[in-house]
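Okay, structure first, notes after.
Bear in mind these aren't lab numbers, they're just calculated from the coordinates by the rules spelled out. Because the structure is a prediction, the values reported are computed rather than measured. Cβ atoms come from the backbone with ideal geometry, glycine included; neighbour counts cover every protein chain shown.
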Amino acid sequence: MKTALITGITGQDGSYMAELLLSKGYRVVGMVRRTSLEKFERIEHVRERIDLVQGDLTDQSSLDEAVKNSMPDEVYNFAAQSFVPTSWNQPALTGDVTGLAVSRMLEALRKYRADARFYQASSSEMFGKVMETPQRESTPFYPRSPYGVAKVYGHYITVNYRESYGMYACSGILFNHESPRRGIEFVTRKVTDAVARIRAGKLDRLKMGNLDAQRDWGFAGDYMEAIWLMMQGAEPRDYVIATGHTHTVKDLVDRAFTAAGLDWQKYVETDPKMIRPAEVDLLRGDPSKAKAELGWTPKVQFPELVEMMVRADLERHGVTA
């Protein structure tokens, strides 16, 4: 039986990966940070089947202990400060947790489990002010936020440990991937939750930022399958994981409100305060390498994804679709 250590197991990606690995017969160990309030709702349905260890990405000794105690065959590093707007308010913290922490985890593996396979969650935000469209593995990075900059560090330190120490260390450059488990602060869940609250009579208006920004949105569950395939390869390689299709934030808003039988133009207003200091206008990934080498293609399309999220939020707010 293989053992997998997942950082960020209580988040969207960590919870879907835990489900996937459990279905494949893995022993799953989740690393969690000690907090006064436990937030295990995303993994509550599988918690009895998971071993939890305490650890903090800013503390090297705790990462060392997590690795020594679990002795993983595979490590999936999802934990990060991953909300782009927050990275502008907390740039140093984001650099530490999202960037430097990757080298701490790699160091723990190098010292205590050098033969383990390591996955780093890279991000399409590394492309930022894009140099070409669509973005592929060879596209130069031009990050436009402290979060994007920190992810570039994490990406390249993973490359360096792979090339310097011969470790199986790879990165997935994931484009936006969403689900009913997405954090409420992210634009997709912000929209679908607002739609449900409006339908429930709990909200009158939804304030939005740049409605013309374009993103490549896919389903998080599909993307976890791509990551697992990356970790089973004969040699470690980095891949862009995306759908290859873009939609504007306005498309997202329109489809979400329509799914609930509402006209978005009656409820949505633009707030200039919500526009980023350095906006990223267009992100579209080229997943052709993942398709050719991993045999991976996304199953859930954008319309299904938005409707799935709206249905889940309507249910949470006690509204019949």
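Normalised by the number of residues in the chain, the mean separation of alpha-carbon contacts (under 8 Å, six or more apart) gives a relative contact order of 17 percent.
About its Cα centre, the dipole of the stretch 40-151 is roughly 320 debye, where the only charges are +1 on Lys and Arg Cβ and -1 on Asp and Glu Cβ. Charges were assigned to the Cβ only: +1 to each Lys and Arg, -1 to each Asp and Glu. The resulting dipole of the chain about its Cα centre is roughly 300 debye.
Close amide H partners of residue 208, meaning residues 5 or more places away or on another chain with modelled amide H under 5 Å apart, are 269, 270, 271. Both numbers refer to the Cα atoms of the stretch 92-162; Rg and Dmax are 13.1, 41 Å. Here the gap between residue 164 and residue 315, fully extended at 0.36 nm per residue and compared with their Cα-Cα distance, gives a gain of 49.3 nm. Size descriptors for the stretch 219-321: radius of gyration and Dmax over Cα atoms are 17.4, 54 Å. When the C-alpha to C-alpha distance is required to be over 22 Å, the pairs from 190/250; 129/266; 207/266; 39/202; 24/111 that qualify are 129/266; 39/202; 24/111. By other beta-carbon atoms within 10 Å, ranking 100, 283 with the fewest at the front produces 100, 283.
For residue 68, a cut-off of 17 angstrom between C-alpha atoms picks up these aspartates and glutamates, skipping any fewer than 8 places away in its own chain: 51, 56, 59, 107, 115. Think of the stretch 1-108 as having a plus end and a minus end, set by charges on the Cβ of Lys, Arg, Asp and Glu; of 62, 7, 97, 7 sits farthest toward the positive end of this dipole. Take 12-24, 56-68 and order them by the average number of nearby Cβ atoms within 10 Å per residue, most first; the result is 12-24, 56-68. The orientation-averaged projected area of the convex hull spanned by the Cα atoms of the chain comes to 15.9 nm².
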